[in-house]
Amino acid sequence: VSSCVPLVSARLPCCAMRIILAAAVAEAVWPECQSKDVILRGRGEYALFTDVTVHGGTAGCFIDNCETSDKFYADSVAQCGAVCAKIPECQHWTYGLEDGGNKCWLRTSDAGKEDNPGYIAGSRSCAPPEWPACVEKDVILRGAGQYAVFADVTPYGKTGGCFNDDCTNTDKFTSPSMDDCAFTCHKVEGCTHWTFGDDGESTKCWMRNGDGGKEPKAGSVGAAAACMPLEGYGAGAAAPAPRRLAEAPGNTGCWGGGYTFELCCAESFGDLGNPRCWDGQQFSFANCCIPPGRQEL
């Protein structure tokens, strides 16, 4: 319908309401603003060539020239979104696998949009919150009987300070820093918020599915899972199995529905592989990236 007829009971004409609703959609927060399984092609006119070295791009560039490139290897989708947001000419970005590693592509438009499993795209306004400004100080997020997220944190190298001394089913663990706490929460399914502080014996991280249990507490901090450093993702996490045992095609029973060895097990993801591929149970780096015959080595 091309016409816009005002609603009788509305205070604003529907045209104005449409503008407001459109703006609300455009301002969706990270990471909900991301478009999954979408790639933005350059198509000879939408690629933004710029000097990506000033934003940390040092490899994976167009004809190996990172001073004039529309792409580069990126550690995470968050890094990709953040870089685009810093470049005035960049209006959209795409993140996904190419040449054995994850890359970020910079675009001036989303007109080259195509469906492509495993890829992610966003506009320049779709960027992660700035670290550490996104961390709320002097608060603690209590479980309050409903917000605690229990998970097996041993695959991430967490072995102490856990609930009932059981780190295979816990909402807390000993953590050296809020960076480490943020990274771990981001990897654990269901963890939407984290809180970090001193419990009297050591510094710990608590995983939460919301911030409904927020209370003031001097010295403690809390944030949403999207609030984390752009560099260092995966640092300090122990691999469930040695990276050296990973070998294509891995466990072929894991692949399908857009998931592949290249997407999930590339070295660029570090020792734990691509966290988007794992469910913490059947699908993991150890079960999928290492061929069954080598898993006992």
### Options 75, 70, 99: the member that is in contact (Cβ under 8 Å) with a residue 12 or more places away in the chain, open to solvent by 30 Å² or more (accessible area, probe 1.4 Å) and over 20 Å from residue 130 (Cα atoms)
99
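Are any of the residues in segment 153-166 open to solvent by less than 20 Å² (accessible area, probe 1.4 Å) and either modelled with pLDDT under 95 or basic (Lys, Arg) (or both)?
Taking segment 153-166 as the starting set, the residues that turn out to be open to solvent by less than 20 Å² (accessible area, probe 1.4 Å) are 153, 158, 162.
Applying the additional criterion that residues be either modelled with pLDDT under 95 or basic (Lys, Arg) (or both) yields 153, 158.
Checked against the condition, which is being open to solvent by less than 20 Å² (accessible area, probe 1.4 Å) and either modelled with pLDDT under 95 or basic (Lys, Arg) (or both), segment 153-166 yields at least one hit.
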### Summary
Checked segment 33-54 for anything assigned to a helix (DSSP H, G or I) and either under 16 Å from residue 92 (Cβ atoms) or in contact with an Asp or Glu (Cβ under 7 Å, 6 or more places away or on another chain) (or both); matches are 52, 53
### Message
Let me confirm something: among 90, 84, which residue is open to solvent by less than 10 Å² (accessible area, probe 1.4 Å), at negative phi, modelled with pLDDT of 95 or more and part of a loop (DSSP other than H, G, I, E, B)?
### Response
90
#### Entry: The lone exception for residue 140 - which of (1) under 14 Å from residue 206 (Cβ atoms); (2) without any contact (Cβ under 8 Å) to a residue 60 or more places away in the chain it fails
(2)
### Query
Restricting attention to segment 130-148, which residues are surrounded by 15 or more Cβ atoms within 10 Å (Cβ to Cβ), under 29 Å from residue 85 (Cβ atoms) and under 23 Å from the mean Cα position of the chain (by Cα)?
131, 132, 134, 135, 136, 141
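For segment 200-223, enumerate the residues that are open to solvent by 40 Å² or more (accessible area, probe 1.4 Å) and in a strand (DSSP E or B).
As a first pass, look at segment 200-223 and keep what is open to solvent by 40 Å² or more (accessible area, probe 1.4 Å): 200-201, 203, 209, 211-212, 214-219.
Of everything in segment 200-223, those that are open to solvent by 40 Å² or more (accessible area, probe 1.4 Å) and in a strand (DSSP E or B) turn out to be 203, 214, 215, 216, 217, 218, 219.
The values are calculated or read from the model by the stated rules, or taken from the named source; none is laboratory data. Worth saying up front: this structure is predicted, and the values here are computed from it rather than measured. Because the Cβ atoms are built from the backbone with ideal geometry, glycine has one as well, and the counts that use them run over all protein chains shown. Side chains are part of the model used for accessible areas, which takes the heavy atoms of the whole protein and leaves out ligands, DNA and RNA. Shrake-Rupley method; radii C 1.70, N 1.55, O 1.52, S 1.80 Å.
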